[in-house]
Amino acid sequence: MARKPKLPILNLTPEQEREATQKIKRFMEDRFELSLGSFEVAEILELFTTEVAPHYYNRAIFDTQTLLKERFESIESDLWSLEKP
């Protein structure tokens, strides 16, 4: 049974995708002296968008939930302090 490919959790605009592939290509050349073609660079970008990005996305959601919970607790406390006897 063929495995269904994962869809990326984030979608880049064509300009963002071009910029990302250029950065990956430049990084691989500068850091590892590897000259990759556009196909290989696109594969690396796809790996990041389908396998790595979800971890950052989920962490951002968790951090936002934590921040909002703290903010709402503070607002609730402020409201209780306004209560009249």
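Just so it is clear, none of the values below were taken in a lab; they were calculated from the coordinates. Everything quoted here is computed from the prediction, not taken from an experiment. Positions of Cβ are backbone-derived with ideal geometry, glycine not excepted, and every protein chain shown enters the neighbour counts.
List of remarks:
- Applying the criteria of a DSSP loop state and at most 14 other Cβ atoms within 10 Å to the trypsin sites (Lys or Arg not before Pro) of the stretch 1-82 yields Arg3, Lys6.
- Cβ-based charge dipole, the chain, positive-most Cα from Asn58, Ser74, Ser38: Ser38
- The chain: Cα Rg divided by the 2.2 N^0.38 Å rule of thumb: 1.82
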